[in-house]
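S.K.: Before I ask anything, let me first share the structure, which is written out below as structure tokens.
The values are calculated or read from the model by the stated rules, or taken from the named source; none is laboratory data. The model shown is predicted, which means the values in this text are computed figures rather than measured ones. Please note that ligands, DNA and RNA were not included when accessible areas were found on the heavy atoms of the full protein model with its side chains. Shrake-Rupley method; radii C 1.70, N 1.55, O 1.52, S 1.80 Å.
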Amino acid sequence: MFCRRALLRSRSLTALALCCLAASAGAAEVVIYRCTDAQGRLTLRDTPCAAGQRQQTQTMLRPVDPPPRPTPATDAPAASAPTPAAAPRPRVLVVQPPRPMYECVTPDGERYTSDTSEGNPRWLPLWSLGYPAYLPRNPLGDRVGAPPPRLGDPDARLPRDGRGYGVLYGGNTLVRDECHALPQQEVCARLRDRRYQLDRRYNSALQSERAQIVEQQRGIDARLNTDCGAY
């Protein structure tokens, strides 16, 4: 391409020869046409001259473009260390342990369930637990004003004639039932049984009672969802 542009622009065979000498020795031959028109203007071309022009030819080697310059090797940029991915933010999960349920037994052998190990603590009079207590049949008996008999004294018993006064041991005592924690599987089973019993009561309950039953059912359902997912 370079020699061709020089050939078309130059009016000298010397420039043409220098261009062709710079070409590769193994290139093919090419015919150069030197054309002179009627006004004496000289034109060099690689195709025959136009009609009416004086033509001179010269056979030469076809010029070729030089090989491209090798690109200088550049140092490859050092591989940058990969940017560590941002660590995900830790998620805080609060796991609430299942609520326990206890089975309690009263001194009479009655069983019931409680949400605490305290069961149903209550105050009871001492006489209900077997302690002696006598009521006076005749407060105006012969022993009016006499000091009360001591515990275990035979005189503390009521006379057969019904006169005199008895001995009353007053006071109360706090009674706590014995309670044991139930396994979680048993807790869930009892909650489902209680839910079923509420369903049966709802069908025959009055309108005023149904609101309380629905509230109890919601509490049981919430506890089943949180504590009995695996049971």
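S.K.: Does Val187 qualify as being modelled with pLDDT under 90 and not in a strand (DSSP E or B)?
M.R.: no
S.K.: Here's something else I'd like to know. Could you please let me know if Pro149 is over 30 Å from Tyr231 (Cα atoms) and either open to solvent by 90 Å² or more (accessible area, probe 1.4 Å) or modelled with pLDDT of 55 or more (or both)? Before you say what the answer is, go through the steps one by one.
M.R.: Values: over 30 Å from Tyr231 (Cα atoms): yes; either open to solvent by 90 Å² or more (accessible area, probe 1.4 Å) or modelled with pLDDT of 55 or more (or both): no.
Here the answer is no, as Pro149 does not meet what is asked.
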